[in-house]
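The values are calculated or read from the model by the stated rules, or taken from the named source; none is laboratory data. Here the structure is a predicted model, which means the values were calculated and not measured. Note: ideal-geometry Cβ built from the backbone for every residue, glycine included; neighbour counts use all protein chains shown. Areas reflect the complete protein model, heavy atoms only, side chains present, ligands, DNA and RNA absent. Shrake-Rupley method; radii C 1.70, N 1.55, O 1.52, S 1.80 Å.
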Amino acid sequence: MSTARRKKIYEGKAKILYEGPEPGTLIQYFKDDATAFNAQKKAVLEGKGVINNRISEHIMTRLNAIGVQNHFIKRLNLREQLIKEVEIIPLEVVCRNVAAGSLSTRFGLPEGQALPRSIIEFYYKDDKLGDPLVTEEHVTAFNWATTQEIDDILATTLRVNDFLSGMFGAVGITLVDFKIEFGRVWEGDFSRVILADEISPDSCRLWDTISSEKLDKDRFRRDLGNVIESYTEVARRLGVMKDMPTVIQGGLH
Ligand code: TMP
């Protein structure tokens, strides 16, 4: 299918979804665009989409191998992957191991303080409202997800957290927190919830375990510089740089 002809299904801040080659599939395209603070801050970070496509492929493939079902089917090229079409549940599911970001602000906790246990939060995915924090009561009352789906989401999120904490820990990176999204796939009248979207330095807080240096999107949010260099370092430690073209020198579209 030529790029020009295919139908755009949805465009978000960092990704575009196109119709896929078969019913029930979509093509997920990773842009270089970076936004923060509900798109009040914007930039183009050359090569980000290529790196996030690879990192997300790597993580989704490994999650699938341990039985965490997700939307990833296969990577198609530098910026695109074939995915299963899902009905997105309008929640950003955040899991935290260490205080940082909005949790630190909300409760006055110093960034870097270990949490007594992993904490999962739900945010309602709505840019106009600034993705407000919600409780399970809101989720069920407004029919964003059922009680059973919430149980599945919580159990899967904890598995993802355990797996990712181990995977990053093994390469000297502390998984401070992350955000994931889920979607429904239908089989006749029945649906099940699978992991969707992406997992990358855009959606995680990743700190070097020894130096505490930030290797994630906070470098962009907080103007710390070296954003692409840090994402590349994450990719390198995960072993996904081996067959990657030289992105950083620019010119990849
Ligand atoms: P927060 O501390 O700003 O609430 O962010 C928690 C985690 O969620 C952090 O890893 C960054 C990620 N995140 C997103 O992926 N998208 C968002 O829009 C926000 C606000 C956070």
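Each other residue within a Cβ distance under 15 Å of Leu109 adds +1 if Lys or Arg and -1 if Asp or Glu, for a net charge of +1.
Based on the Kirkwood approach, the hydrodynamic radius assigned to segment 108-199 is 15.2 Å, with every pair of different Cα atoms included.
When a 1.4 Å probe is rolled over the protein heavy atoms, the share of accessible surface on segment 55-144 that falls to carbon and sulfur comes to 53 percent.
With 29 Å as the cut-off, how large is the P(r) tail for the chain, expressed as percent of Cα-Cα pairs?
Values: 8661 of 31878 pairs.
Percentage above 29 Å: 27.
Applying a threshold of 29 Å to the alpha-carbon distances of Lys31/Lys84; Lys128/Lys242; Lys74/Lys242; Lys74/Lys125; Lys8/Lys242; Lys41/Lys242 flags Lys128/Lys242; Lys8/Lys242; Lys41/Lys242 as lying beyond it. The phi torsions of segment 174-186, fed into the Karplus equation with coefficients 6.51, -1.76 and 1.60 and a -60° offset, translate into couplings of 8, 7, 6, 7, 7, 10, 10, 10, 10, x, 8, 10, 9 Hz, rounded to whole numbers, with Gly and Pro shown as x. The calculated P(r) of segment 1-113, using every Cα pair and 10 Å bins from 0, goes 12, 33, 36, 15, 4, 0 in percent. Largest to smallest in accessible area, the residues Met241, Met60 fall in the order Met241, Met60 (1.4 Å probe, all protein chains included).
Find, among the trypsin sites (Lys or Arg not before Pro) in segment 138-239, those assigned to loop by DSSP (not H, G, I, E, B) with at most 15 other beta-carbon atoms within 10 angstrom.
Numbers: sites: Arg159, Lys179, Arg184, Arg192, Arg205, Lys214, Lys217, Arg219, Arg221, Arg222, Arg236, Arg237; in loops: Lys217, Arg222.
Passing sites in segment 138-239 are Arg222.
Can you give the local net charge around Ser191? Use residues other than it whose beta-carbon is closer than 12 angstrom to its beta-carbon, Lys and Arg +1, Asp and Glu -1. It would help to have the intermediate numbers written out before the result.
Working: positive: Arg184, Arg192; negative: Glu87, Glu149, Asp152, Glu187, Asp189.
Neighbour charge sum, excluding Ser191 itself: -3.
When Glu187, Glu233, Glu137 are compared by accessible area of protein heavy atoms, the largest-first order is Glu137, Glu187, Glu233, using a 1.4 Å probe.
Using heavy atoms of the protein chains and a probe of 1.4 Å, the accessible area assigned to Phe163 is about 40 Å².
On the accessible surface of segment 169-253, probed at 1.4 Å, how many percent belong to carbon and sulfur atoms?
On the way: 1980 of 3840 Å².
About 51 percent, which is the carbon plus sulfur part of the accessible surface.
Put simply, the amide H of Phe72, placed in the peptide plane, has neighbours under 5 Å in Lys84, leaving out anything fewer than 5 places away on its chain. In the full protein context, the chain carries 49 Å² of accessible surface per residue, based on a 1.4 Å probe and ignoring ligands, DNA and RNA.
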